[in-house]
1. In the range 48-132, carbon and sulfur make up what percent of the accessible area (probe 1.4 Å)?
2. With every protein chain present, what is the per residue accessible area of the range 292-356 (1.4 Å probe, Å²)?
3. In whole percent, how big is the carbon plus sulfur part of the accessible area of the range 301-378, probe 1.4 Å, protein atoms only?
4. Ordered by residue, what ³J(HN,Hα) values in Hz, to whole numbers, does the range 338-343 give under the Karplus form 6.51 cos²θ - 1.76 cosθ + 1.60, where θ = phi - 60° and Gly and Pro are x?
5. May I ask for the net charge around ARG97, where only other residues with Cβ less than 12 Å from the Cβ of ARG97 are counted and Lys, Arg are +1 while Asp, Glu are -1?
6. With a ≥ b ≥ c the root eigenvalues of the C-alpha gyration tensor of the range 125-165, is it rounded (a/c under 1.5), prolate (a/b larger than b/c) or oblate?
7. Using a 1.4 angstrom probe on the protein heavy atoms only, could you order ARG388, ARG358 from most to least accessible area?
8. So which of LYS252/LYS374; LYS221/LYS370; LYS325/LYS448; LYS52/LYS98; LYS236/LYS448; LYS236/LYS374 end up more than 19 Å apart by C-alpha?
Amino acid sequence: MSDKNTAGIDFKASGVSTGAIASVLPAAPQAVAIEKSLLSMMLIDPHSIISKCISDGMGGDYFYVPAHRILWELLRECYDKNITIDATTLAQMLEDRKQLETVGGLQGLMDVFSYATTCGLYESHFAILKEKYIRRSIILASNRSIEAAYTGEAEIDHILDEVEQDVMKIRQSAVKDEEWSLSKTIKEALTNFERMMNAGDEVLGISTGFPLLDNKVNGLKPGELFVIAARPSMGKTSFLMNIIEHMVLDLKKTTLCFSCEMPAVQLVERLLMARSGVTRNKLRAGKNLSREQMVVLKKAMDELQASGLIIDDTAAISISELRAKARRVQREHPDLCCIGIDYLQLMRSHTKQAQNSREREIAEISGGLKSLAKELRIPIVVLAQLNRGPENRPGKSKGVPMMSDLRESGAIEQDADMIGLLYRTAYYAEDDEERANAGADANLILAKNRNGETGDIPLSFQAELMRFVPRIPREDSEAS
């Protein structure tokens, strides 16, 4: 007796009695008569029925019987190549490919195509076929999960991620996409144009709290990946937290932050200081805090306590674990508006390909974040490290970053919808006078913007509060 039941589960390895199981588990879900009916419809009205099947997403796996799967693939090939479809032509093609006996010979072929049916039953028969296919898909996905769990070869996070992805693919296949309509799409485009015209100075996406940046990117929009890159000590974590602070405290939106570098408590401390204006030096003085400062600090704590901020400070988090956590947070908080990540190069990927190449690992993480943004339909803001390129540039270009400075992978440039390169002028000053002239000046170079203009966003960095604020360029302020 075989150690596998009809669903394909190996019970011998698990020590479970196959005799006991075989009497419990039924055969895999199938609808042989429905398969014959649909194939017969394709011969009755090839152009209409095959076209419907293709547009409805039918694949070879929809058919449980191998012979029916062969016939479907052949019918689709004939349809694609505009070959006349009739029983005689199909029989000859099967004979030429030595597949005629596989489908039961001429008798097997005629049994299928002479099956009594009517094309008016297409919708109901297709729905039944799809249901059986989805049930088999659930069984197969479950079997893969069982096998992966028993073997113990893969990391548990990787197994959980694959299980979630399998289930999501089945869920997506179960939902019938709406047929694309040009008139409907034009209406949607017109609605967007009207929103733009009526918005005035308002952004259509989620505001970052930096007006010039919002103006250039029109806010952060669903599915977008925004990479903010800088050398160490430029303040990229502060910049990300400034954006998150604006979202959770000013816009009152739920935001998820993954901190691979800093503990959650340090991020909260930064947020409280930036929000209250009470610096670390003042806190160290302790008793010297005025009553007004105590009030604003308490107010900042109350605001943050009531906010929709969620922080996960798992170190070296894998892309699969981050995906799983983000999905769970969105299920629990459907109003989740944005994800912030600090920072990309501290994440990990546990696939076999990634273990052999750091560049491949970063590419998998970058591509995974872009896919996650599209899947969850929210923007993701991720920090990234630059290489030493800015420090090696001569003259006035010293310290000024470029997209090619993105560390370890060009895939980041490809996956990102927007790339901002952050730097502070004083950090690269060669003497005290130059440093004094630079002051708190900082710049965010919007080097890539897939849906808008690029350019510089002038900033000032308030080091004592770890906060960036908009800056009017000196030449503009002097001219006014």
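1. Its accessible area is 51 percent carbon and sulfur atoms.
2. 52
3. Percent of accessible area from carbon and sulfur atoms in the range 301-378: 45.
4. 6, 10, x, 10, 10, 9
5. Neighbour charge sum, excluding ARG97 itself: -4.
6. prolate
7. The ranking, largest first, comes out as ARG388, ARG358.
8. LYS252/LYS374; LYS325/LYS448; LYS52/LYS98; LYS236/LYS374
The values are calculated or read from the model by the stated rules, or taken from the named source; none is laboratory data. Not measured: the values here are computed from a predicted model. Ideal geometry is used to build each Cβ from the backbone, glycine not excepted, and the neighbour counts take in all protein chains shown. Keep in mind that these areas ignore ligands, DNA and RNA; they rest on the heavy atoms of the full protein, side chains included. Shrake-Rupley method; radii C 1.70, N 1.55, O 1.52, S 1.80 Å.
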